[in-house]
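The values are calculated or read from the model by the stated rules, or taken from the named source; none is laboratory data. Here the structure is a predicted model, which means the values were calculated and not measured. Reconstructed Cβ throughout: ideal geometry from the backbone, glycine too, with neighbour counts over all protein chains shown. Only protein heavy atoms, including side chains, enter the accessible area calculation; ligands, DNA and RNA are left aside. Shrake-Rupley method; radii C 1.70, N 1.55, O 1.52, S 1.80 Å.
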Amino acid sequence: MITSIFSKSKPINFIIIGFLITLVFAFANYNQLVTNFASALSGLFKWLLIVFFIFLLNFIISKNKLAQGNSYAIMSFGLLILMFPESTRHSDLLMSNLFIMFALRRMISLHSNLHIKKKFFDAGFWIAFATFFYFWAFLFFALVLVALIYHSQNNIKNLLIPFVGIAAFIILLVAYNIVVHDVYFMPSNFKRFASLDFTPYNSKANILRLTVVLTSYLWTTVYFFNALSDKNKKLRPSYFLIAWASLLALFVAFIAPNKNGSEFIFLFAPFSIILANYLEVISERWFKEVFPVLFIVVPIVSLLL
């Protein structure tokens, strides 16, 4: 029933997911939205950012033909927001995720063999920008190295281009700090904190939702890797980049200083693409419904625990 609605890419699907995200956002950010006008304005910005993620994800998929004309990915993204409503509360993580998605978009599109140097520059620049908002986002620079292996292993000069992108961002940051704060770097520019304390997850609600999400991720990712040999040879590196992006996102969540669910925001986009590719090849309709039903039921059950 649920997957049949999203089996085709239709405008109504965006409305449904937009409505779901709005409900989740209002529930998770109610206090901020009713405190005062400035706080409500900040909340509105975060809501617009999350809605934009849906359109950006769909653009990345349709532009690079990563799915078979369905809306499973945006459905999955919306359901992951439902699973982790805390991800809607932190503007720094949301901004960082935005720039990681920009970088991922540029790297995925390398399969076209057009504007290779510009895309590597953009990828390095956007990841540096993401790091400004959330320090551990710099780990996604490993994706650039993977992309270089797939697309520029015979062109040594391209190895320097992502670093030029990073340097460009640093120059802009230093110029801004000099003009505004009269210093080269502010102590708050790059906050380096990490934690391996997992006691925040030690509740029935967290254990339930993490078990469901991580089990689903493991199940679908194993299939995703196994099915890569059947993918279009030209697009295969793009699928590899998506898989590696999801693994890096899990590692970022693993070392995140604040473990409250928001740290999984980086996983949403790559996991949504992986899950969409899995759902579109399942022939048993009842089994196809298992994932969306679980992602809807678990948050409701978690509220009762």
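What to note about this one:
- Annotation for Val293 and Thr22: the two label points, set 7 Å from Cα along the Cα-Cβ direction, are 2.9 nm apart.
- Ranked by the mean number of other Cβ atoms within 10 Å of their residues, highest first, the peptides 121-127, 37-43 come out as 121-127, 37-43.
- Long-range amide H partners of Asn260 with built H, under 5 Å: none
- Inter-label distance, Leu303 to Lys157: 5.8 nm, where each label sits 7 Å from its Cα along the C-beta direction.
- Probe 1.4 Å - accessible area at Trp47, Å² to nearest ten: 70
- Selection of trypsin sites (Lys or Arg not before Pro), region 217-305, meeting DSSP coil and at most 11 other Cβ within 10 Å: Lys233, Lys234
- Percent RCO, i.e. relative contact order, over region 89-235, from Cα pairs under 8 Å lying at least 6 residues apart: 22
- For the residues His181, His151, His90, a GNM of the chain with alpha-carbon springs under 10 Å puts the largest fluctuation on His181.
- On the basis of the beta-carbon distance and an R0 of 41 Å, Ile171 and Val51 show a calculated FRET efficiency of 0.80.
- Most mobile of Val24, Val146, Val290 in a GNM of the chain (Cα contacts under 10 Å): Val290
- Computed log₁₀ I(q)/I(0) - Debye formula, equal Cα scatterers, no solvent, region 196-263, q 0.15, 0.17, 0.21 Å⁻¹: -0.60, -0.71, -0.91
- Pair Val180, Phe37: separation of 7 Å Cα→Cβ label points (nm): 2.3
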